[in-house]
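Working notes, beginning with the structure itself.
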């Protein structure tokens, strides 16, 4: 009988421990990295064995059927290319380090390694990455009963002290001390702990450790947060690479994604150029005459200056990611305060990152247009992360983000007043309705918010009902955008 899945949430605490405990913790993480890399290497071997199997390759060329998919699965299982197959392999590896890494922790590392290779196997990733010595890594358990666990305000890991061994070398007992005025943390610690995750991060050039407790239930509600539990209040979202248009009965907004996350691109480019020059100077045999890297297995040597610059660059990216996540969390709270029936178009941001395949020319000067698309913009603003956060927060209410059928709805082309579809260029930011104009992204959010329950068409009657209110809120928002200090937002209403 399958175990019922209960709601969960995560709370994180920094670990403030003495140097001798850090040394023991570093040893455990070194072993965890070895276990993960061993599993990753074994999974890659099994992946290659499956790929070169003649029957498997022949079946891939056939049409998709249940019998064909079942046979492909049987071949993968025959080579041991499965999550449970890799967990069987990790038993022998974990036995050598059983004093430092428990069986459940090793199984979780094996699962993570298999998932990485599985993406490669099904074409969702180009390559896999082994964990280097200075890479960030995490270790987690499956339960809170043995191994890495949380009990009475302490994180326990390793063999318990006994009379014969009062201070085992692999034993750790690390206290968690939330701040006295942190009401949220104290309420969260009252819930049942499902399992524990411990993370190793490099912050400002120093290695720090953090504990994540995966708690059962729903997170405590913060006093200053407004949450709408009304299912009848709809919110339509039209999200792009850098902005998001929001529609509800109370507001119509066009907001920039992560505006606080400013990236000093000239500085990053200077660091990258300096690193490239240093890398080429210390590894001249690995480069061709034109400056490109030679093919094949190469050995790389890095200077102290290169390593120093790499640390600075890594810290800059860490700060960018942290600010972006905080900004997205705030924006998600603002959206959920408007309503709990949140609707958005299905969007594949990975395809927007890729370069276009077609070669086009500029009609004015005849030059070939760039094939770049929205890679940098998506890196800066991370729109998919925002949708993930909204979906997670809705899950605490027992709901989920509703994704409408993009191709059936065609919100960017539809006109609910005439019932017609008109294709537009990306540069066209306005929809003409005779006497007045409506901003394209805001109108798309309006249509998305007024879709049918089947999520594959626009409810015209509902649009007509909310049209006058939308026009008033839209005009007010346009005035605000034209006076905005953001150049990005002003461009959308230029």
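May I ask you to list the residues of the range 192-209 whose amide nitrogen lies under 17 Å from a point 7 Å from Cα along the Cα→beta-carbon direction of residue 312?
Backbone N within reach: 204-206.
Under a point spin-label approximation (7 Å from Cα along Cα-to-Cβ), what is the residue 273-residue 55 distance to one decimal in nm?
Going by the 7 Å Cα→Cβ label model, 5.8 nm.
In whole Å, what are the Cα extents of the range 188-281 along the three principal axes, biggest one first?
Reported extents, whole Å, longest axis first: 63, 40, 20.
If the chain between residue 430 and residue 216 were fully stretched, how many nm would it gain, using 0.36 nm times the residue separation less the Cα-Cα distance?
So the chain would gain 72.3 nm between residue 430 and residue 216.
Which FRET efficiency value, to the nearest 0.05, is calculated for residue 299 and residue 203 with the Förster distance at 41 angstrom and r the Cβ-Cβ distance?
The value I calculate is 0.85.
Sorting 361, 399 on the 10 Å Cβ count, fewest up front, what's the list?
With the sparsest Cβ surroundings first, the list reads 361, 399.
At what distance in nm do the modelled label points of residue 232 and residue 187 sit from each other, each positioned 7 Å from its Cα along Cα→Cβ?
About 2.8 nm separates the two model spin labels.
What value, in deg cm²/dmol to 500, does the helix sum -39500 (n - 2.57) over DSSP H runs of n ≥ 4 give at 222 nm once divided by the residues of the chain?
Using -39500 (n - 2.57) per qualifying helix, the result is -14000 deg cm²/dmol.
Over all alpha-carbon pairs in the range 14-216, figure out the percentage whose distance exceeds 26 Å.
Working: 9172 of 20503 pairs.
Here the long-distance tail beyond 26 Å is 45 percent of all Cα pairs in the range 14-216.
With axes computed from alpha carbons, what is the tilt in degrees of helix 103-121 against the longest principal axis of the chain, rounded to the nearest 10 within 0 to 90?
50
How high is the FRET efficiency between residue 384 and residue 321 when r is their beta carbon distance and R₀ equals 22 Å, given to the nearest 0.05?
The value I calculate is 0.95.
Before anything else, pin down the relative contact order of the chain: Cα pairs under 8 Å, at least 6 apart, normalised by residue count, whole percent. Present the calculation step by step, with values, prior to reporting the outcome.
Details: 686 pairs, mean separation 68.2, N = 494.
Computed value for the chain: 14 percent relative contact order.
Any chance you could give the angle, 0 to 90 degrees and rounded to 10, that helix 83-96 forms with the longest Cα principal axis of the chain?
So the inclination is approximately 30 degrees.
How would 385, 190 line up from fewest to most surrounding beta-carbon atoms within 10 angstrom? List each step's numbers first, then the result.
Numbers: 385 19, 190 9.
By the 10 Å Cβ count, ascending, the order reads 190, 385.
Where does the chain land on Rg/Rh, using Cα atoms and the Kirkwood Rh?
Using Cα coordinates only, the ratio equals 1.00.
Between residue 351 and residue 125, what is the spin-label point distance in nm, taking each point 7 Å from the Cα along the Cα→C-beta axis?
It works out to 2.3 nm between the two label points.
To the nearest 0.05, how large is the calculated FRET efficiency for residue 224 and residue 179 if R₀ is 22 Å and r is the Cβ-Cβ distance?
Step by step, r from the Cβ atoms, then E = 0.85.
Can you give the direction-averaged projected area of the convex hull of the alpha-carbon atoms in the range 176-335, in nm²?
Approximately 15.5 nm², given one-decimal rounding.
Can you give the angle from 0 to 90° between the axis of helix 265-282 and the longest principal axis of the chain, with both taken from C-alpha atoms, to the nearest 10?
Here the helix axis deviates by roughly 40 degrees.
What list do you get for 173, 5 if you sort them by fewest beta carbons within 10 Å?
Starting with the residue having the fewest Cβ neighbours, the order is 5, 173.
Within the range 354-377, name every residue whose backbone N is under 14 Å away from a label modeled 7 Å from Cα of residue 488 along the Cβ vector.
374-377
Would you give the gap between the C-alpha center of the range 1-48 and the C-alpha center of the range 302-338, rounded to a whole Å?
Going from one Cα centre to the other spans 22 Å.
Sorting check: for 364-371, 479-486, 81-88, which peptide has the highest mean count of neighbouring beta carbons within 10 Å, and how do the rest follow?
Working: 364-371: 8.8, 479-486: 12.0, 81-88: 17.8.
Output ranking for 364-371, 479-486, 81-88: 81-88, 479-486, 364-371.
So between residue 423 and residue 464, what do we pick up on full extension, going 0.36 nm a residue minus the alpha carbon distance?
Net length gain for the segment: 12.5 nm.
At 0.36 nm per residue, and after removing the present C-alpha to C-alpha distance, how many nm does the segment from residue 162 to residue 415 gain when stretched out fully?
Contour length minus the Cα-Cα distance gives 83.5 nm.
Just so you know, all these numbers are worked out from the coordinates, no wet-lab data involved. Treat the numbers as computed from the prediction; the structure is a model and nothing was measured. Virtual Cβ from ideal backbone geometry, glycine too; neighbours counted across all protein chains shown.
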